[in-house]
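Quick note: the coordinates plus some simple rules give every number you see, no bench work behind them. Everything numeric here is computed off the predicted structure, so don't read it as measured data. With ideal geometry, Cβ positions are generated from the backbone for all residues, glycine too; neighbour counts draw on all protein chains shown.
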Amino acid sequence: MCSPEHFAVEYAINPWMDVTAPVDAELAVKQWDRLRETLVGLGHEVHLLAPEPGLPDMVYAANGAFVVDGTAYGARFKHQQRAAEAAVHRTFYDSPDWRFIAPNETNEGEGDFAYLPEAHGGLILAGYGFRTELPAHAEAQEALGRPVVSLRLVDPRFYHLDVALASIDDGNIVYYPGAFSAATQKVLAQLFPDAIVADDDDALAFGLNLVSDGANVVLNSEATRLAGRLKAAGYTPVPVELAELKKGGGSVKCCIAELRH
Ligand code: ARG
């Protein structure tokens, strides 16, 4: 995770960002701190990346790389405003604990990649259409040695995979079908017949931008309907308020890069 100390909306690269709306960076830090404490309280280890002035979107740490089986496939941002973030993430993986693979193709890390270790023997889901480019899916497959399924995003409000789909345990997902092309919706229904499906309200409240450890599902507090659905399915929803960070077009999952050994 990376503190939103320098968070601001200085440019608009997704439909949620409004450069004229006031942003309270101090409140953003408070809300983000609660998220960090929530994860620690659930027993998770959190590593911190030092935020840098001039990189106001660094709080969305999920975009910096995609890590599977101890290998980090690096990011290459679509927009020049975020390009310098990639090198900061790269320094984190410069340790004997990790193997880092530099990308040649445009991709925004875990913003557009999800991993399900128990689905079909270990499956990577990858989004394209707005940020990550299709050739990066093949590059990720070569880097990580797991099959990649390409999913086409069609609604600009859901510009990253992680605002439209999330893994809720090692083998199952929750998603918002409206974010995907008709053919991709068929693919998802075929691969995940038991998926939880979210509605418009859940999706627009950033409900899908969640993290789950298979039992506890940490999600935006505004996604009350989705919380109810998850509860009915046997999960424990853990709501967190992240209203300030919504102004940049992100929520819980965007703030978290998962480290998988
Ligand atoms: N303002 C950031 C952008 O548009 C938000 C990134 C959200 N991160 C995510 N993983 N969806 O790039």
Can you find even one residue in the range 80-90 that is away from the ligand (no atom under 15 Å from the Cβ), in contact (Cβ under 8 Å) with a residue 40 or more places away in the chain and of a type outside the set (Ser, Thr, Tyr)? no
Might you let me know whether the range 91-104 holds any residue that is under 30 Å from residue 183 (Cα atoms) and among the hydroxyl-bearing types (Ser, Thr, Tyr)? no
Going through the range 40-71 one residue at a time, which ones are within 16 Å of the ligand (Cβ to nearest atom), out of contact with any Gly (no Cβ under 6 Å at 6 or more places or on another chain) and among the hydrophobic types (A, V, I, L, M, F, W, C)? 49, 55, 58, 59, 61, 67
Which of the residues that make up the range 5-16 are near the ligand (Cβ under 9 Å from one of its atoms), in contact (Cβ under 8 Å) with a residue 12 or more places away in the chain and of a type outside the set (S, T, N, Q)? 9, 11, 13, 16
When the range 246-261 is examined, which residues are found to be within 25 Å of residue 70 (Cβ to Cβ) and within 12 Å of the ligand (Cβ to nearest atom)? 252, 253, 254, 255, 256, 257, 258
Residue count, the range 214-245, condition touching a residue at least 40 places away in the same chain (Cβ under 8 Å) and either closer than 16 Å to residue 33 by Cβ or near the ligand (Cβ under 10 Å from one of its atoms) (or both), comes to 8
When you scan the range 91-142 for strands (runs of 3 or more DSSP E) that lie fully inside it, which ones turn up with 2 or more residues that are under 16 Å from the mean Cα position of the chain (by Cα) and either surrounded by 22 or more Cβ atoms within 10 Å (Cβ to Cβ) or away from the ligand (no atom under 16 Å from the Cβ) (or both)? 113-116, 123-128
Before we move on, is residue 19 surrounded by fewer than 15 Cβ atoms within 10 Å (Cβ to Cβ), among the aliphatic types (A, V, I, L, M) and within 16 Å of the ligand (Cβ to nearest atom)? yes
Considering only the range 203-246, state which residues are among the charged types (D, E, K, R), crowded, with 19+ Cβ neighbours inside 10 Å and part of a loop (DSSP other than H, G, I, E, B). 222
